[in-house]
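J.: Okay, handing you the structure first.
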Amino acid sequence: MTGLILQRILSLVLTLLAVSAVIFLVMDVLPGDPAAIMLGTSATPETLEALRRELGLDQPLVLRYLAWLGGVATGDLGTSYTYGVPVAGLIAERLAVTLPLAVFAILLSVGIALPLGVVSAARRNGPVDYAAGLLSQMFIAVPGFWVGLLLVLVFSVSLGWVPSGGFPGWQAGLAPALGALVLPAIALALPQAGVLTRVTRSAVIEVMNEDFVRTARAKGLPRRQAQWRHAVPNALVPVVTILGLQFTFLIAGAVLVENVFNLPGLGRLALQALSQRDIIVMQDVVLFFAALVIVMNFVVDLSYLALDPRLRTRA
Amino acid sequence: MDEPLLRIEDLAIFIDGPDGGRQAIVADMALTLAAGETLGIVGESGSGKSLLSLAVMGLLPAAVHATGRILLEGRNLLAMGDDALCSVRGRRIGMIFQEPLTALNPAMTVGDQIAEGMVIQQGLSWRAARQEAIVLLDRVRMPDAARLSKTYPHALSGGQRQRVGIAIALAMKPALMIADEPTTALDVTVQAEVLDILDDLRRDAGMALILVSHDLGVIARMCARTLVLYAGRRMEEGATRDVLTKPLNPYTRGLLRAVPRRQPEGGRLQTIPGTVPSFAARPAGCCFSDRCPDRIDACHADEPPWTRATPGRGVRCIRAHGERAP
């Protein structure tokens, strides 16, 4: 089992290396000269050249890549062209918004999807099942940012329960900070919850027909207990797989939703950096996103070992 | 009079057809079983024997329904709601299933699967129930019970898994044990040991046993009485010795001829020609009439009634009394 985990960590590092090369190449072919954007249109060719040298942009591609990689490996993510501060600090600061937002959204979507999917499976083809089916189709079909706008209209503009956007910062206290994240988290969570409900339902229905659920009933377990104690744990592998895949969409969705709600998160940082050709920030943020996704997949693989004891001995 | 442990009367089991109609799979079923008694139910695949045992547990699939009466200690199980049945399942009736591979939850330790019923039904603490599970594993002759109780089913052999199945069924000391083909999926060498364990435990606990099998050898070894089923009908019932040595129904005789045994001069194994009819394509009259070697024209006319030759001995065949096969 430790052998398997070590093997996975090695492939994780190799994947990240490949991803970093792709990111670097894509950023390099991106049109727009960072030096020209920083200095504006009035800059002379001499000052431009000087700035390029200062930024290291005059070096060959491979050297620039290795310099970046070396920096990342030693924890030095470089200095932002536009903010003039270390990128590592910038990411850490924005992560304090995006990470809680993502965790909040995942918890919400699992909290909605798991009970709804299990109840749908138990009352298959009943009114609850049809209602849940309709609801999840709606969640899937409607884009998250539009749900966000709608939520703002109802809960901030009309009812005034929560702010329509912005983030007071964690130093303002837990309640105001979480309050600012409620609507964005809902907007992010609903489409995920829709997909997850359908997956949970079909996985549980399949496992409900297994012999061991009947064995559980033969012990005198009521239907609901047989379902939650025996069917659900064995239906979690496909559910967790989908949850892991959805994490990518969650991050992509965070970029949109952070902009709709004016949240100072990583997604907004990425968008701002892109419009200002702050290439070093772009590279670091995208690499960070990629690392998050890869680590998440690793966590999903590890969770299989926890969920299915058969895999543990094989590993 | 003493109420028997189990009395089944007029039981019929139906399945919902695709066109909204109902088709009877089992009909005119009846049996009684006293406390501590052993009954073997024998029949080919499709004879309805597994559905019969599931009906007693109240665990028929959703599209299958039962009518009639299944009286356990005088209470009609078919009239009970699921909540009431939950206190019967496991506590009064234990069941052992055919496939030890699929009948156990792959994601729960075997000890917890044995302990679970005692925790949820009898309110034991998990700690006490897990201790009891180790005792039960020991009783089903599991070596190193304390260690194996913490393992998952995939780490056990087929025979060991079936012992776990027996321990689960035994955990709440039921008055009646139903074993549905408990050894069919096992190697022959393991079969004998599992049957031996089952028989010992049954004697110790004074449990009644219904053993469902297609294997007459297994029934002969384990059960004092035998009921022969064919196409959802009782064909013959009686003391196992009588049924096996003096069969009254041509179907029972056919089954006995089909048991493989050492032949004096290497003769061919006999079979019953044809297969069990599907419940939709049952012949008119006696359900065995299209395969029966002894049939006469009258066999195709009406379904023969269940008749009792002597107390405890019953048969469904118009030729069973009086004239013998030509």
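The values are calculated or read from the model by the stated rules, or taken from the named source; none is laboratory data. As the structure is a prediction and not an experimental result, all values here were calculated from the model. Cβ: placed from backbone, ideal geometry, glycine included. Neighbour counts: every protein chain shown.
J.: Residue check: is A:Val103 aliphatic (A, V, I, L, M), modelled with pLDDT under 90 and within 17 Å of A:Gln246 (Cβ to Cβ)?
T.: Numbers: aliphatic (A, V, I, L, M): yes; modelled with pLDDT under 90: no; within 17 Å of A:Gln246 (Cβ to Cβ): yes.
In short, no.
J.: Please list, ordered by first then second residue, the pairs with beta carbon atoms under 7 Å, 6 or more apart or interchain, first in the range A:93-119 and of a type in the set (Ser, Thr, Tyr), second crowded, with 22+ Cβ neighbours inside 10 Å.
T.: A:Thr98/A:Ala254; A:Thr98/A:Gly265; A:Thr98/A:Leu266; A:Thr98/A:Gly267; A:Ser109/A:Ala189; A:Ser109/A:Gln192; A:Ser109/A:Ala193; A:Ser109/A:Leu196
J.: Name the one entry in A:Ala252, A:Ala290 that is away from chain B (no Cβ under 14 Å), buried (at least 17 other Cβ atoms within 10 Å of the Cβ) and more than 30 Å from B:Ile114 (Cβ to Cβ).
T.: Values: A:Ala252 fails: buried (at least 17 other Cβ atoms within 10 Å of the Cβ).
Every option except A:Ala290 fails the conditions.
J.: For the range B:72-99, what are the residues that are assigned to a loop (DSSP other than H, G, I, E, B) and either more than 7 Å from every other protein chain (Cβ to nearest Cβ) or polar (S, T, N, Q) (or both)?
T.: B:Glu73, B:Gly74, B:Met80, B:Gly81, B:Arg92, B:Gln98
J.: Could I ask something else about it? Scan the range B:118-131 and give yes if some residue there is facing chain A (nearest Cβ under 8 Å) and not small (Gly, Ala, Ser), otherwise no. Lay out the reasoning, then the answer.
T.: As a first pass, look at the range B:118-131 and keep what is facing chain A (nearest Cβ under 8 Å): B:120-121.
Still in the list and also not small (Gly, Ala, Ser): B:120-121.
There is at least one residue in the range B:118-131 that is facing chain A (nearest Cβ under 8 Å) and not small (Gly, Ala, Ser).
J.: Can you pull out every residue in the range B:119-130 that is at pLDDT 95 or above and either surrounded by fewer than 16 Cβ atoms within 10 Å (Cβ to Cβ) or under 19 Å from B:Ile96 (Cα atoms) (or both)?
T.: B:Ser125, B:Trp126, B:Arg127, B:Ala128
J.: Turning to a different aspect of this structure: Show the residue pairs that are 6+ apart or on different chains and have beta-carbon atoms under 6 Å apart, the first residue being within the range A:235-250 and in the same structural domain as A:Met208 (by TED's automatic domain parsing), the second being not aliphatic (A, V, I, L, M).
T.: A:Val239/A:Thr200; A:Val240/A:Ser303; A:Gly244/A:Asn297; A:Gln246/A:Gln192
J.: Would you mind stating whether B:Ala133 is of a type in the set (Gly, Ala, Ser) and closer than 15 Å to A:Lys219 by Cα? It would help to see each step written out before you state the result.
T.: Working: of a type in the set (Gly, Ala, Ser): yes; closer than 15 Å to A:Lys219 by Cα: yes.
Answer is yes for this residue.
J.: Next question, about the same structure. Since A:Phe261 meets every condition but one in (1) surrounded by fewer than 18 Cβ atoms within 10 Å (Cβ to Cβ); (2) modelled with pLDDT under 90; (3) among the aromatic types (Phe, Trp, Tyr), which condition does it not meet?
T.: With respect to (1) surrounded by fewer than 18 Cβ atoms within 10 Å (Cβ to Cβ); (2) modelled with pLDDT under 90; (3) among the aromatic types (Phe, Trp, Tyr), A:Phe261 is out only on (1).
J.: Filter the range B:54-71 for residues that are of a type in the set (Gly, Ala, Ser) and crowded, with 21+ Cβ neighbours inside 10 Å; which is farthest from the other protein chains (Cβ to nearest Cβ)? Reasoning before the result, please.
T.: Taking the range B:54-71 as the starting set, the residues that turn out to be of a type in the set (Gly, Ala, Ser) are B:55, B:58, B:62-63, B:66, B:68.
Those still in the list that are crowded, with 21+ Cβ neighbours inside 10 Å too: B:55, B:58, B:66.
Values: B:Ala55: 13, B:Gly58: 9, B:Ala66: 16 Å.
Filtering first and then ranking leaves B:Ala66.
J.: Scanning the range B:18-34 for residues that are surrounded by fewer than 20 Cβ atoms within 10 Å (Cβ to Cβ), touching a strand residue (DSSP E or B) at 6+ places or on another chain (Cβ under 6 Å) and of a type in the set (Gly, Ala, Ser), which turns out nearest to B:Arg316 (Cα to Cα)?
T.: B:Ala30
J.: Just for helices (runs of 4 or more DSSP H) wholly inside the range A:262-315: which have at least 1 residues that are touching a residue at least 12 places away in the same chain (Cβ under 8 Å) and touching a strand residue (DSSP E or B) at 6+ places or on another chain (Cβ under 9 Å)?
T.: Values: elements: A:266-275, A:279-307, A:309-314.
The qualifying helices (runs of 4 or more DSSP H) are A:279-307.
J.: Here's something else I'd like to know. How many residues does the range B:164-191 contain that are among the charged types (D, E, K, R) and away from chain A (no Cβ under 14 Å)? Explain how you work it out, then say what you get.
T.: Within the range B:164-191, the subset among the charged types (D, E, K, R) is B:173, B:180-181, B:187.
Next cut, away from chain A (no Cβ under 14 Å) only: B:187.
Within the range B:164-191, residues that are among the charged types (D, E, K, R) and away from chain A (no Cβ under 14 Å) number 1.
J.: Condition first: of a type in the set (D, E, K, R) and part of a strand (DSSP E or B). Now tell me which residues in the range B:280-322 satisfy that.
T.: As a first pass, look at the range B:280-322 and keep what is of a type in the set (D, E, K, R): B:282, B:290-291, B:294-295, B:297, B:302-303, B:308, B:313, B:316, B:319.
Result: B:Arg308, B:Arg313.
J.: Within the range B:172-192, can you find the residues that are part of a helix (DSSP H, G or I) and surrounded by fewer than 16 Cβ atoms within 10 Å (Cβ to Cβ)?
T.: Our first condition is that a residue be part of a helix (DSSP H, G or I); within the range B:172-192, this holds for B:188-192.
Once the filter is applied, which keeps residues that are part of a helix (DSSP H, G or I) and surrounded by fewer than 16 Cβ atoms within 10 Å (Cβ to Cβ), the range B:172-192 yields B:Val188, B:Thr189, B:Ala192.
J.: Something else now. Check B:Leu31, B:Leu51 and return the single one that is among the aliphatic types (A, V, I, L, M), closer than 29 Å to B:Ala205 by Cβ and part of a strand (DSSP E or B).
T.: Details: B:Leu51 fails: part of a strand (DSSP E or B).
Just a single option satisfies the conditions, and that option is B:Leu31.
J.: Residues in the range A:110-118: is at least one touching a Lys or Arg at 6+ places or on another chain (Cβ under 7 Å) and under 30 Å from A:Gln227 (Cα atoms)? If you could, list the steps in order and put the result at the bottom.
T.: Residues of the range A:110-118 touching a Lys or Arg at 6+ places or on another chain (Cβ under 7 Å): A:117.
Narrowing the set further to residues that are under 30 Å from A:Gln227 (Cα atoms) leaves A:117.
Yes: the range A:110-118 contains one or more residues that are touching a Lys or Arg at 6+ places or on another chain (Cβ under 7 Å) and under 30 Å from A:Gln227 (Cα atoms).
J.: Determine whether A:Gly148 is surrounded by 19 or more Cβ atoms within 10 Å (Cβ to Cβ) and touching a residue at least 40 places away in the same chain (Cβ under 8 Å).
T.: Details: surrounded by 19 or more Cβ atoms within 10 Å (Cβ to Cβ): yes; touching a residue at least 40 places away in the same chain (Cβ under 8 Å): yes.
So A:Gly148 passes the test.
J.: Out of curiosity, is B:Ile15 surrounded by fewer than 21 Cβ atoms within 10 Å (Cβ to Cβ), in a strand (DSSP E or B), away from every other protein chain (no Cβ under 14 Å) and of a type outside the set (D, E, K, R)? I'd like the intermediate steps shown before the answer.
T.: On the way: surrounded by fewer than 21 Cβ atoms within 10 Å (Cβ to Cβ): yes; in a strand (DSSP E or B): yes; away from every other protein chain (no Cβ under 14 Å): yes; of a type outside the set (D, E, K, R): yes.
Yes.
J.: Among what's in the range B:100-117 and is of a type outside the set (Val, Ile, Thr) and part of a helix (DSSP H, G or I), pick the residue that is farthest from the other protein chains (Cβ to nearest Cβ). Full working, then the answer.
T.: Of the residues in the range B:100-117, the ones of a type outside the set (Val, Ile, Thr) are B:100-101, B:103-108, B:111-113, B:115-117.
The next check asks that each one be part of a helix (DSSP H, G or I); those that pass are B:111-113, B:115-117.
Details: B:Gly111: 13, B:Asp112: 10, B:Gln113: 8, B:Ala115: 10, B:Glu116: 6, B:Gly117: 4 Å.
The residue in question is B:Gly111.
J.: Let me ask something else about it. In the range B:135-158, which residues are surrounded by 21 or more Cβ atoms within 10 Å (Cβ to Cβ) and not hydroxyl-bearing (Ser, Thr, Tyr)? Working first, answer last.
T.: We begin by selecting, within the range B:135-158, every residue surrounded by 21 or more Cβ atoms within 10 Å (Cβ to Cβ); these are B:136-137, B:140, B:142, B:149, B:153.
Within the range B:135-158, B:Leu136, B:Leu137, B:Val140, B:Met142, B:Pro153 meet the criteria.
J.: Looking only at the range B:136-154, count every residue that is of a type outside the set (S, T, N, Q), more than 10 Å from chain A (Cβ to nearest Cβ) and farther than 22 Å from B:Arg89 by Cβ and tell me the total. Walk me through how you get there before you give the answer.
T.: To start, the set of residues in the range B:136-154 that are of a type outside the set (S, T, N, Q) comprises B:136-148, B:150, B:152-154.
Going one step further and asking which of them are more than 10 Å from chain A (Cβ to nearest Cβ), we end up with B:136-148, B:150.
Those left that are additionally farther than 22 Å from B:Arg89 by Cβ: B:138, B:141-148, B:150.
The number of residues fulfilling the criteria is 10.
J.: Can you pull out every residue in the range A:4-48 that is more than 24 Å from the chain's Cα centre (by Cα) and either surrounded by 14 or more Cβ atoms within 10 Å (Cβ to Cβ) or touching a residue at least 40 places away in the same chain (Cβ under 8 Å) (or both)? Spell out the reasoning first.
T.: Initially, the range A:4-48 is screened for residues more than 24 Å from the chain's Cα centre (by Cα), giving A:4, A:6-7, A:28-48.
A:Leu4, A:Leu30, A:Gly32, A:Asp33, A:Pro34, A:Ala35, A:Ala36, A:Ile37, A:Met38, A:Leu39, A:Ala43, A:Leu48 - these are the residues of the range A:4-48 that are more than 24 Å from the chain's Cα centre (by Cα) and either surrounded by 14 or more Cβ atoms within 10 Å (Cβ to Cβ) or touching a residue at least 40 places away in the same chain (Cβ under 8 Å) (or both).
J.: Are any residues in the range A:151-182 farther than 16 Å from A:Arg268 by Cβ, surrounded by 14 or more Cβ atoms within 10 Å (Cβ to Cβ) and hydrophobic (A, V, I, L, M, F, W, C), and if so, which ones?
T.: Scanning the range A:151-182 gives A:Leu151, A:Val152, A:Phe155, A:Val162, A:Ala177, A:Leu178, A:Val182.
J.: I would also like to ask the following. Does any residue in the range B:216-245 that is over 18 Å from B:Gly312 (Cβ atoms) come within less than 7 Å, Cβ to Cβ, of a residue that is among the hydroxyl-bearing types (Ser, Thr, Tyr) and part of a helix (DSSP H, G or I) six or more places away or on a different chain, and which pairs are these?
T.: Close Cβ pairs satisfying both conditions: B:Tyr230/B:Tyr251.
J.: Right, another one. Before we move on, is B:Ile197 in contact with a helix residue (DSSP H, G or I) (Cβ under 7 Å, 6 or more places away or on another chain), β-branched (Val, Ile, Thr), within 14 Å of chain A (Cβ to nearest Cβ) and in a helix (DSSP H, G or I)?
T.: Details: in contact with a helix residue (DSSP H, G or I) (Cβ under 7 Å, 6 or more places away or on another chain): yes; β-branched (Val, Ile, Thr): yes; within 14 Å of chain A (Cβ to nearest Cβ): no; in a helix (DSSP H, G or I): yes.
Considered against the rule, which asks whether it is in contact with a helix residue (DSSP H, G or I) (Cβ under 7 Å, 6 or more places away or on another chain), β-branched (Val, Ile, Thr), within 14 Å of chain A (Cβ to nearest Cβ) and in a helix (DSSP H, G or I), B:Ile197 comes out as no.
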